[in-house]
């Protein structure tokens with residue numbers, strides 16, 4: 001009697017173990033949410049605006065995949081996806097953080113791009129004003145008119161770059177627009193320095 | 001008075017420089033086919049001593065993206081420096097300065113892109129910068145090659161000499177295009193010099209209507225204009241085109257794919273100058289005060305010889 005009870009107990013325990021092992025499947029829902037969230041981060045241009053946060057999310061997803069592969073290599077009865085689920089949740093959070101960071105950085109870049117365009121436009125207007133002042137000078141040295149024409153040409157060339165910034169903003173390439181604006185402002189500043197120097201030299 | 005053709009046309013298009021990247025390509029030495037004798041030790045020609053074998057030169061590796069960027073960056077910086085120097089020479093001005101500014105901007109952007117790690121895009125932008133600034137050099141070459149040609153210089157000197165041997169009232173005008181100068185001669189001696197401005201393509205020799213070039217040749221004043229008869233203060237109308245100009249135009253028109261109405265006309269020496277740049281449609285412009293002085297010295301029939309430059 002006691003022997004039969006022991007056998008029955010062993011069989012019951014084995015069956016429970018098999019059933020338990022049979023229930024240990026990859027946490028598909030968590031993985032799906034993780035992948036969807038990563039897709040959202042990429043769609044939010046996290047690669048451009050929050051590359052570090054995106055890299056962290058991708059590393060977290062790589063850890064999930066490593067853990068999945070490690071479990072897949074195990075005997076079916078000993079697999080456990082508890083850690084996988086935890087890692088997937090962390091990766092999903094990292095992807096969500098990347099999305100949020102990208103949105104914030106994009107918004108800031110958009111504002112920076114607009115400011116950059118404004119700064120460049122103002123710098124160009126200032127240079128134009130200095131040229132106009134110089135052109136109106138009564139006493140100018142010999143060869144000044146030719147120099148002034150060259151300076152006007154330089155301003156023409158720089159003015160011709162403004163549409164590139166506007167186009168970058170229209171195409172929502174805000175970081176590119178910021179870079180273009182900074183470069184243009186730098187060039188205009190050099191021109192303005194030359195103009196101011198000329199103005200001081202001829203006491204205009 | 002405007003010369004034939006609009007005075008405010010857009011500047012003539014200049015072909016974009018084909019100045020491409022000077023890319024160092026690897027020299028690949030090909031091995032001879034297996035069935036040919038190899039020159040491993042020495043080649044012996046009958047009746048001669050053995051020629052030592054030439055050691056094989058190892059193939060150079062393909063240039064890296066960093067190599068290409070460095071080459072293009074240095075090239076663009078050098079081209080920009082050259083163009084800035086060329087800009088100071090007569091005949092180049094506002095348009096060329098604009099090209100230089102655009103090129104400098106492109107190069108700055110290329111540097112930024114390189115700093116961000118995209119050397120391929122940086123190299124592409126530097127190539128664009130070189131192409132832009134290459135237009136300045138092309139313009140400079142186009143303007144100056146004629147002015148150092150000994151044959152051309154002799155021809156211009158001869159025109160000037162012939163002008164002085166002609167019977168005239170004593171006043172002769174010689175316009176030196178390169179030096180942007182109008183010399184007034186009286187009794188064979190230079191009496192006054194006045195700064196002038198030319199057509200916006202003034203250093204080129206006028207060929208056809210609308211080319212904005214200033215003609216070169218021997219002409220005469222055919223009419224003095226003042227008051228309401230000119231837009232530019234006072235004017236001296238020349239007898240352009242002369243028979244040589246017409247012949248040159250006809251020869252050009254025969255071989256040109258485009259059709260032009262003629263060699264142009266209404267070339268004047270007029271006021272409205274002093275702008276510090278070449279801006280007319282081919283006429284020669286003086287500041288109004290200089291025009292006033294010149295107007296008093298010149299009458300219909302006064303010889304006017306326009307040359308690239310001259311040595312008298």
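The values are calculated or read from the model by the stated rules, or taken from the named source; none is laboratory data. Just so we're clear, the structure is a prediction, and the values are computed from it rather than from any experiment. Here Cβ is always computed from backbone atoms with ideal geometry, including for glycine, and neighbour counts include all displayed protein chains.
Just to be sure, is residue A:60 free of Cβ contacts under 8 Å to residues at least 40 places away in the same chain, exposed (fewer than 15 other Cβ atoms within 10 Å of the Cβ) and at negative phi? Taking the combined requirement at face value, the residue does not satisfy it.
Checked against the criterion of being over 28 Å from residue A:144 (Cα atoms), free of Cβ contacts under 8 Å to residues at least 60 places away in the same chain and touching a helix residue (DSSP H, G or I) at 6+ places or on another chain (Cβ under 7 Å), the candidates B:97, B:83, B:110, B:104 yield just one match: B:110. Considering the range B:273-312 alone, what residues qualify as being assigned to a loop (DSSP other than H, G, I, E, B) and farther than 22 Å from residue A:145 by Cβ? B:298, B:299, B:300, B:301, B:302, B:308, B:310, B:311, B:312 - these are the residues of the range B:273-312 that are assigned to a loop (DSSP other than H, G, I, E, B) and farther than 22 Å from residue A:145 by Cβ. Within the range A:191-204, the set of residues being crowded, with 16+ Cβ neighbours inside 10 Å and either without any contact (Cβ under 8 Å) to a residue 12 or more places away in the chain or at the interface with chain B (Cβ under 10 Å from one of its Cβ atoms) (or both) comprises A:191 only.
State yes or no: is residue B:125 within 14 Å of another protein chain (Cβ to nearest Cβ) and within 30 Å of residue B:304 (Cα to Cα)? It is false that residue B:125 is within 14 Å of another protein chain (Cβ to nearest Cβ) and within 30 Å of residue B:304 (Cα to Cα). Among strands (runs of 3 or more DSSP E) entirely within the range B:147-240, having at least 3 residues that are surrounded by fewer than 21 Cβ atoms within 10 Å (Cβ to Cβ) and more than 19 Å from the chain's Cα centre (by Cα) singles out B:181-186, B:189-195, B:217-225.
In a residue-by-residue description of the range A:88-103, the property of being assigned to a helix (DSSP H, G or I) and over 21 Å from residue A:33 (Cα atoms) applies to no position. Does the range B:169-188 include one or more residues that are at pLDDT below 95, in contact with a helix residue (DSSP H, G or I) (Cβ under 7 Å, 6 or more places away or on another chain) and within 21 Å of residue B:95 (Cβ to Cβ)? Yes; the residues of the range B:169-188 include at least one that is at pLDDT below 95, in contact with a helix residue (DSSP H, G or I) (Cβ under 7 Å, 6 or more places away or on another chain) and within 21 Å of residue B:95 (Cβ to Cβ). Could we say that residue B:91 is farther than 30 Å from residue B:310 by Cα and not in a helix (DSSP H, G or I) here? Spelling it out, it is not the case that residue B:91 is farther than 30 Å from residue B:310 by Cα and not in a helix (DSSP H, G or I).
Among the residues making up the range B:67-92, those that are surrounded by fewer than 24 Cβ atoms within 10 Å (Cβ to Cβ) and within 11 Å of another protein chain (Cβ to nearest Cβ) are B:84, B:87, B:88, B:89, B:90, B:91. Taking the range A:64-80 as the range and being crowded, with 16+ Cβ neighbours inside 10 Å and either on the phi > 0 side of the Ramachandran plot or touching a helix residue (DSSP H, G or I) at 6+ places or on another chain (Cβ under 6 Å) (or both) as the test, the residues that pass are A:64, A:67, A:68, A:79.
For the range B:275-296, the criterion of being touching a helix residue (DSSP H, G or I) at 6+ places or on another chain (Cβ under 7 Å), more than 14 Å from every other protein chain (Cβ to nearest Cβ) and either under 26 Å from residue B:165 (Cα atoms) or surrounded by fewer than 24 Cβ atoms within 10 Å (Cβ to Cβ) (or both) is met by none of the residues. Scanning the range A:169-190 for residues that are under 18 Å from residue A:157 (Cβ atoms), surrounded by 23 or more Cβ atoms within 10 Å (Cβ to Cβ) and touching a residue at least 40 places away in the same chain (Cβ under 8 Å) yields a total of 4. Suppose we filter A:117, A:148, A:134, A:124 for residues that are in a helix (DSSP H, G or I), modelled with pLDDT of 95 or more, surrounded by 15 or more Cβ atoms within 10 Å (Cβ to Cβ) and within 12 Å of chain B (Cβ to nearest Cβ); which single one remains? Being in a helix (DSSP H, G or I), modelled with pLDDT of 95 or more, surrounded by 15 or more Cβ atoms within 10 Å (Cβ to Cβ) and within 12 Å of chain B (Cβ to nearest Cβ) holds for just one of A:117, A:148, A:134, A:124, which is A:124.
Among the residues of the range A:157-182, those that are more than 9 Å from chain B (Cβ to nearest Cβ) and farther than 15 Å from residue A:124 by Cα comprise A:167, A:168, A:169, A:170, A:171, A:172, A:173, A:174, A:175, A:176, A:177, A:178.
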